[in-house]
1. Report the net charge of residues surrounding G32, where surrounding means a beta-carbon distance below 11 angstrom and charges are Lys +1, Arg +1, Asp -1, Glu -1.
2. Let's test the formula: R0 of 35 Å, r as the Cβ-Cβ distance of D72 and K23. What FRET efficiency results, to the nearest 0.05?
3. Once the convex hull of the C-alpha atoms of segment 2-86 is built, how many Å³ does it hold per residue, rounded to a whole number?
4. For segment 1-32, run through the trypsin sites (Lys or Arg not before Pro) and keep only the ones in DSSP coil with at most 11 other Cβ atoms within 10 Å of their Cβ.
5. Whose amide H sits under 5 Å from the amide H of E42, counting only residues 5 or more places off or on another chain, with H placed in the peptide plane?
6. Counting other beta carbons within 10 Å of each residue's own, what order do F30, F17 fall into, fewest first?
Amino acid sequence: MRRKIIHGAPKTTSSVFSKSISKDGGRGSFRGLLEVGKGATEARSKVVCDALLLDEHSRSDTYPTIRIDENDANVGTRPPSRRSARSSSSTSRPTASTRRRLRR
């Protein structure tokens, strides 16, 4: 999946949510460009990529590109989640040690 977002005006907002499922050695990928141009003051954007891998041979790759030319832009991203279908529950929450590792 490819997404391109360009903020060229003040006070603009955008969101990208990418979700993928891979199995039997499948491969998912996301390529995204987020650009906040000069003059796009107070621009806000959020980019989220989630992947569900149904076996240990499948993979998901993310290739983000972020260009920011304004100091007051608010850009939020989250790394791809790598939850396996073999986990104990689809609603399980990350442990405290996992949350610490993700914040680094």
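1. Details: positive: R2, R3, K4, R31; negative: E35.
Once positives and negatives cancel, what remains is +3.
2. On the way: r = 43 Å, r/R0 = 1.22.
Efficiency computed from Cβ-Cβ geometry: 0.25.
3. Details: hull volume 5.8 nm³, N = 85.
Taking only Cα atoms, segment 2-86 has a hull volume of 68 Å³ per residue.
4. Values: sites: R2, R3, K4, K11, K19, K23, R27, R31; in loops: K11, K23.
In loop regions of segment 1-32 (DSSP not H, G, I, E or B), the sparsely surrounded trypsin sites (Lys or Arg not before Pro) are K11.
5. Here the answer is K11, D72, A73, since their amide H atoms fall under 5 Å of that of E42.
6. Working: F30 21, F17 10.
By the 10 Å Cβ count, ascending, the order reads F17, F30.
The numbers here are math on the coordinates, done by the rules we state, and not lab data. Everything numeric in this text was worked out from a predicted model, so none of it was measured. Glycine gets a Cβ as well: all are built from the backbone with ideal geometry, and neighbour counts include every protein chain shown.
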